[in-house]
Amino acid sequence: MQYWHKELETLPREKLEQLQLERLKKILKRVYQKVPHYRKKLQDAGINPSNIKSLDEIRNIPFTTKEDLFVDYPYGLLTVPIEKVIRLHTSSGTTGKPKAIFFSKKDIENSAELIARCLVMTGATKNDILQNSMTYGLFTGAFVMHYGAEKVGIFVIPAGPGNTERQINLMRDFGTTMLHMTPSYTLYVASVIYDKGIDPKKELKLKRAYLGAEPYSEETRKKIENMLGIDIYNCYGLTEMNGPGVGFECIYKDGLHIWEDNFLMEVINPETGKPVNDGEIGELVLTTLNREAMPLIRYRTRDLTRIISEPCKCGRTHRRISRILGRSDDMFIVKGVNIFPQQIEQVLMGINGVAQNYQIVLDSYDEMIVRVEIDREIFDGKIEKLVRLKDEIIDKIRSATMVKPKVELLEPGTLPISEGKAKRVIDKRTI
Ligand code: DLL
């Protein structure tokens, strides 16, 4: 089966917006009728879904925040009886309870269909073999990708994360052509492939990898692409919106397409809640337009990005967002300066001699200590080289962030390895 739905993916903007409006009205009516929490919100804001005439009117509707997911927990936001639910996915919340998202049969099929579109957009076909190394379980990462890949007819190896030796054996034995992993784990796997003396370009059949679930920079993409000789596509998503495949890069790798027939996107100023202009950075807000069991209206993702409204060379009319620049709650402040971990990552991954793993420690004196693993030859080599590398790291981080870090150069393998989402920042000031 082929998932290049050309007509839908290249629908003229006017028609796409018409479709969005029809779906928005339908979904608002449903939540109004079925979900007391939404009905009250809409009534308090004086909104009657039947009277909505334009997409812009969505701005009058109150946001849904992650706190709303815990009102009437766990089933309160369902618009279908529990008999129609066929799956639960969760993601860890800060309140102790996980955010619970329910899927009907139609939702599962639809999420698979969206992933199928994503994979085909990058050139994947039924001749590919996908090694799915995300966690199978309550996390959406593996299951949602698995069903989508199967829909294309792709042969899926449900590897799950970890056991790196086995991951490499699977790649070698079964001729894996595509990987689905977190970027931090892929960096580690690539380094093990090297340490084992395997030439990935000759001995493996890898062509592409879909990396997501955590932020990473262009420098990290290039580093892994060069190490493995493959194309890397950024895959963005969140449990609340099905998991992976909300935003996905096409072959041009210039921003992530959002399937706008399924998601209505806005980018707002997180302080004021007002929309920012296209191209300006703000918080991504998403409304599900095609979800049955648990629609979410104006959900604040906390992810920072910007809309790219220029047409994409691939011809798809569904707009793109830039790579996620961070979560508004990832930002930390050192000596009064706002810093995102990705700023540090971007610098490190662009420096020759820096290996795959690093950690940022904020100590009780408000110092930023960057602990970074370096290549074996440099670690074992001359002291002058080590000093030069350390100075380069300090200088580049200082000019990127305005804060002079302390830098510790570490032997490869010193820091903990993450098989899923990496924990990069350790804030000792709050412990
Ligand atoms: O991480 C879903 C996913 C699985 C996406 C596999 C891609 C691949 P959650 O655990 O709910 O869901 O975490 C969602 O992770 O709000 C972002 O902050 C971050 N995130 C996800 N993908 C990316 C990405 C999954 N490509 C949260 N770039 C989101 C940057 C990402 N951040």
Fill in: Tally of residues being under 29 Å from Lys151 (Cβ atoms) and open to solvent by 90 Å² or more (accessible area, probe 1.4 Å) across region 5-52
7
Item to complete: Name every residue in region 320-356 that is open to solvent by 60 Å² or more (accessible area, probe 1.4 Å) and either free of Cβ contacts under 8 Å to residues at least 60 places away in the same chain or within 16 Å of the ligand (Cβ to nearest atom) (or both), in order of residue number.
Response: Leu325, Arg327, Asp329, Met331, Ile333, Gly336, Asn338, Gln346, Asn352
Worksheet item: Would you call Tyr188 in a helix (DSSP H, G or I), hydroxyl-bearing (Ser, Thr, Tyr), away from the ligand (no atom under 14 Å from the Cβ) and without any contact (Cβ under 8 Å) to a residue 60 or more places away in the chain?
Response: no
Fill in: region 278-330: number of residues that are assigned to a loop (DSSP other than H, G, I, E, B) and not polar (S, T, N, Q)
28
Discussion item. Which numbered condition in (1) open to solvent by 30 Å² or more (accessible area, probe 1.4 Å); (2) free of Cβ contacts under 8 Å to residues at least 60 places away in the same chain; (3) within 15 Å of the ligand (Cβ to nearest atom) is the only one that Leu286 fails?
Written reply: (1)
Worksheet item: Going by the conditions given, is Leu78 touching a helix residue (DSSP H, G or I) at 6+ places or on another chain (Cβ under 8 Å) and surrounded by 12 or more Cβ atoms within 10 Å (Cβ to Cβ)?
Response: yes
Practice prompt. Would you mind stating whether Thr317 is surrounded by fewer than 21 Cβ atoms within 10 Å (Cβ to Cβ), more than 14 Å from the ligand (Cβ to nearest atom) and of a type in the set (Ser, Thr, Tyr)?
Written response: yes
Discussion item. Quick check on region 214-257: of everything there that is of a type in the set (Lys, Arg) and open to solvent by 10 Å² or more (accessible area, probe 1.4 Å), which residue is nearest to the ligand (Cβ to nearest atom)?
Written reply: Lys253
Worksheet item: Is it true that some residue in region 381-403 is part of a helix (DSSP H, G or I), in contact (Cβ under 8 Å) with a residue 60 or more places away in the chain and within 27 Å of Ile324 (Cβ to Cβ)?
Response: yes
Discussion item. Among the listed residues Ser133, Ser91, identify the single one that is hydroxyl-bearing (Ser, Thr, Tyr), open to solvent by 10 Å² or more (accessible area, probe 1.4 Å), touching a strand residue (DSSP E or B) at 6+ places or on another chain (Cβ under 7 Å) and closer than 30 Å to Glu165 by Cα.
Written reply: Ser91
Worksheet item: In region 385-425, which residues are touching a Lys or Arg at 6+ places or on another chain (Cβ under 9 Å), surrounded by fewer than 16 Cβ atoms within 10 Å (Cβ to Cβ) and within 30 Å of Leu238 (Cα to Cα)?
Response: Pro416
Worksheet entry | Near pairs, Cβ below 8 angstrom, 6+ apart or cross-chain, from region 204-218 (in a strand (DSSP E or B)) to any residue that is open to solvent by 10 Å² or more (accessible area, probe 1.4 Å) and small (Gly, Ala, Ser) | Arg208/Gly123; Gly212/Gly237
Worksheet entry | Exclusive hit being under 15 Å from Pro244 (Cα atoms), open to solvent by less than 10 Å² (accessible area, probe 1.4 Å), more than 13 Å from the ligand (Cβ to nearest atom) and assigned to a helix (DSSP H, G or I), set Ala112, Ala149 | Ala112
Discussion item. Going residue by residue through region 116-134, is there one that turns out to be at pLDDT below 95, in the same structural domain as Cys314 (by TED's automatic domain parsing) and in a loop (DSSP other than H, G, I, E, B)?
Written reply: no
Discussion item. Checking the structure you have, find out if any residue of region 53-68 is farther than 22 Å from Glu266 by Cβ and open to solvent by less than 50 Å² (accessible area, probe 1.4 Å).
Written reply: no
Response to the item:
Every listed condition ((1) at pLDDT 95 or above; (2) surrounded by fewer than 17 Cβ atoms within 10 Å (Cβ to Cβ); (3) part of a loop (DSSP other than H, G, I, E, B)) holds for Gln2 save (1)
Practice prompt. Report, by residue number, each residue of region 68-86 that is in contact (Cβ under 8 Å) with a residue 12 or more places away in the chain and either assigned to a loop (DSSP other than H, G, I, E, B) or under 15 Å from Gly96 (Cβ atoms) (or both).
Written response: Leu69, Phe70, Val71, Asp72, Tyr73, Pro74, Tyr75, Gly76, Leu77, Leu78, Thr79, Val80
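The values are calculated or read from the model by the stated rules, or taken from the named source; none is laboratory data. Not measured: the values here are computed from a predicted model. Neighbour counts are summed over all protein chains in view; Cβ atoms, including those assigned to glycine, are modelled from backbone coordinates with ideal geometry. For accessibility, only protein heavy atoms count, side chains too; no ligands or nucleic acids. Shrake-Rupley method; radii C 1.70, N 1.55, O 1.52, S 1.80 Å.
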